[in-house]
Amino acid sequence: MVGLSEGEKHFIRGGIAQDIRTDGRKRLQFRALSVETGVIPQANGSARVRLGATEIIASVKAELGKPSILHPDKGKVSIFVDCSPTAEPTFEGRGSEELSTELAVALQRCLLGGKSGAGAAIDLSSLIVVDGKVCWDLYIDGLVVSSDGNLLDALAAAIKVALSDTGIPKVNVSLSAANDEEPEVDVSDEEFLQFDTSSVPVIITLTKVGRHYIVDATSEEESQMSSAVSVSVNRHGQICGLTKRGGAGLDPSVIFDMISVAKHVSQQFIGVLDSEIAAAEAEADE
Amino acid sequence: MRDLNLSLNQTQRVRLEAALHELQSLVPAAASAAAVTVADTIPVNQEDNILKYISLSQENTIQEDTISLFVCADELVWCRGHGTSDQDGEVVATLCGVVERVNKLVYVRTLRARYKPEVGDIIVGRVIEIAPKRWRLEINFSQDAVLMLSSMNLPDGIQRRRTAVDELNMRSIFVENDVICVSTILALSVEVDNCFIFCFSDFKSVFAYVVVLTHADTLRVINHQAEVRGFQHDGSLHLQARSEKYGKLERGQLLMVPPYLVKRKKQHFHNLAQYDVDLILGCNGFIWVGEHVLVGENVKTTEDRQKYSNEAENFTPLETRKHICRLANAIRVLSALGFTLTVELIIETAEASVSSNVEVNDMLGAEFYVQTAEREAKRRAALLRKKKGGR
């Protein structure tokens with residue numbers, strides 16, 4: 001990432017203070033969002049999401065597996081993030097490892113809930129095929145193709161779109177008499193079950209610059225941040241997760257303020273995302 | 001168009017396609033013939049070549065060679081330059097771009113490429129390193145450019161004395177990451193292709209090359225190769241900032257567009273007094289849009305830095321900032337659509353957004369893109385009609 005001169009930094013801070021940012025946005029406005037679905041034919045569901053110059057590809061792959069002994073009634077979901085060196089030269093080799101892990105952990109926290117699988121945004125019990133025997137393993141991969149700030153929000157949006165594009169093949173289980181035998185499963189090639197994504201949250205990151213906070217910061221604006229709070233909010237306006245980055249401390253009242261703003265912004269963002277998904281699906285059907 | 005990822009609705013898509021189609025139909029035949037993609041044959045008309053050649057030779061008053069050339073016209077071979085290749089006696093493009101001809105030399109100038117400096121260009125760059133007696137600048141060239149301390153004049157126009165103290169104080173002039181405006185003085189880019197060295201950037205060396213060719217035979221050309229290289233040095237680019245109008249740029253934003261969108265003009269500094277905005281169209285595709293600064297005000301850089309500490313009072317005024325953002329967004333729209341950036345067009349686009357009540361942020365929305373493309377198509381059609389009427 002290119003550095004900024006003192007003058008430019010000052011200009012950016014001034015813009016945020018005066019509620020008109022360098023590209024003319026207000027503090028709580030998102031950049032233009034564009035969505036494509038079904039970009040990876042091999043995956044069960046995939047999506048490309050662009051948020052300004054940030055570009056993310058997310059894919060969902062489903063495989064049959066065995067549920068863990070501790071939770072025989074739940075499927076498994078894992079989330080990985082990879083930052084491509086095309087996004088930034090520093091991502092070359094192992095350069096992106098730290099960022100990728102940080103993003104993946106934040107996403108897991110927001111989407112998957114606790115260790116027990118309780119409170120997960122993705123309904124894990126819907127992934128079960130035969131209790132304790134067979135379940136679906138979902139592998140969710142996010143790839144950062146181009147990075148211009150606000151990666152976490154874009155990743156969460158891309159995953160949400162990819163999940164809504166996901167069709168899980170219908171499975172016919174032939175009942176076997178013996179209980180301890182492996183059940184025979186027959187995976188259908190034609191029938192797919194649509195995945196329920198209504199409870200999947202979006203993530204809204206509020207970046208604090210100076211005395212104000214902004215949504216959807218570009219990488220230039222992110223370089224000026226003191227701290228950032230990522231709030232994941234679902235369709236019903238409930239908070240599903242909360243993470244804070246950046247060294248500077250925040251007053252508790254500011255955090256409450258941020259949460260209520262994030263809740264308000266998220267409802268608009270979900271609306272935009274829904275209409276974009278509908279448009280993308282209509283286009284894919286054509 | 002590659003960068004254009006808009007979510008257009010059905011009518012917008014039809015309108016944009018219609019506008020782009022019209023724009024394409026307005027392009028003069030000669031210009032569209034000059035555009036090539038990879039594996040296109042480049043027509044090399046032998047007769048044309050001779051005629052052009054004679055006229056040039058006459059200018060240079062090298063009569064003998066003209067005659068000898070005229071006689072052995074059949075043997076004339078085109079010099080294949082950068083981006084071309086020989087396939088069964090035909091010249092074939094190996095790059096995507098525009099065919100350029102300099103006398104006998106044919107080369108392809110690529111559009112989406114890095115900036116190729118020419119002498120006297122006004123450019124905007126970013127300091128990336130401070131080295132002994134010089135700053136290194138990122139200017140979207142294949143190498144970093146060099147601005148020598150001695151190429152900077154003192155504020156009152158006096159030449160700098162080369163003292164050690166001066167060198168130690170270089171950071172008081174520019175520090176890393178500063179955006180500055182400079183002009184090129186020595187732009188020497190060397191292209192090696194098929195044993196010939198072509199230098200497109202420097203007028204003198206193009207001339208040297210022509211002279212080499214006038215004594216046309218391959219052997220001699222190879223002989224002269226060393227001579228051409230003689231004044232090439234290492235192909236690095238030197239810059240200067242001798243006048244007060246050059247220098248550090250502050251209080252504004254830097255935009256980066258493909259360099260081919262900025263054409264070389266007499267004027268690259270523009271003070272848009274009606275907006276209180278400075279607009280600098282750097283030939284390297286770096287564009288500065290910032291608050292207007294009076295010439296000579298730049299001197300107080302060190303004081304400025306202290307001023308940032310109590311910054312809230314000296315933010316850019318809101319009105320000016322709106323204008324800056326509007327102009328910047330106009331540039332973003334135009335460059336995404338691939339229109340050549342001129343001050344007139346930028347102002348026109350910004351004004352159009354004001355008159356049609358488009359908010360600054362909405363300028364980057366699909367509707368304004370379509371409107372801009374339509375407006376440009378209309379403007380070019382009117383221009384063409386006027387030209388035809390004039391004839």
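Quick note: the coordinates plus some simple rules give every number you see, no bench work behind them. Predicted, not measured: the structure shown is a model, and the values here were computed from it. Quick reminder, even Gly has a Cβ in these numbers, built from the backbone with ideal geometry, and neighbours come from all protein chains shown.
Extending 7 Å from Cα along the Cβ direction at B:GLN267 and again at B:ALA29 yields two label points whose distance is 3.6 nm. By the count of neighbouring beta-carbon atoms within 10 Å, fewest first, A:TRP136, B:TRP135 end up ordered A:TRP136, B:TRP135.
Counting only helical runs of four or more DSSP H residues, what would the 222 nm mean residue ellipticity of chain A come to if each run contributes -39,500 (n - 2.57) and the total is spread over all its residues?
Here the helix-only value at 222 nm equals -9500 deg cm²/dmol.
Between 0 and 90 degrees, rounded to the nearest ten: what's the tilt of helix A:252-285 against the longest Cα principal axis of chain A? Value to nearest ten degrees: 60.
For segment A:144-284, rounded, prolate or oblate, judged on the Cα gyration tensor with a ≥ b ≥ c (square roots of eigenvalues), a/c < 1.5 rounded, else prolate if a/b > b/c? Judged from the Cα gyration tensor, segment A:144-284 comes out prolate (a/c at least 1.5, a/b above b/c).
Normalising the average separation of contacting C-alpha pairs (under 8 angstrom, six or more residues apart) by the number of residues puts the relative contact order of chain A at 20 percent. Rounded to the nearest 20, the Cβ-based charge dipole of segment A:25-285 about its Cα centre (Lys and Arg +1, Asp and Glu -1) stands at 1320 debye. Taking Cα atoms only, the orientation of helix A:151-165 departs from the longest principal axis of chain A by about 30 degrees.
As a proxy for reagent exposure, B:CYS96, B:CYS79 were ordered by neighbouring Cβ count within 10 angstrom, fewest first; the result is B:CYS96, B:CYS79.
The Rg/Rh ratio for segment A:25-285 is 1.00, where Rg is the radius of gyration of the alpha carbons and Rh is the Kirkwood radius.
Compared with the dominant principal axis of the Cα atoms in chain A, helix A:97-112 is inclined by about 60°.
Legend: residue pairs B:LYS265/B:LYS322; B:LYS245/B:LYS322; B:LYS263/B:LYS388; A:LYS76/A:LYS208; B:LYS104/B:LYS378; A:LYS9/A:LYS160, Cα-Cα distance threshold 30 Å; pairs beyond threshold, A:LYS76/A:LYS208; B:LYS104/B:LYS378; A:LYS9/A:LYS160. When each of A:LYS263, B:LYS248, B:LYS387 is scored by the number of other beta-carbon atoms lying within 10 Å, the sequence from fewest to most is B:LYS387, A:LYS263, B:LYS248.
Largest GNM mean-square fluctuation among A:SER266, A:SER230, A:SER96, using chain A with Cα springs under 10 Å: A:SER96. When the P(r) is computed for segment A:24-154, the part past 18 Å accounts for 60% of the Cα-Cα pairs.
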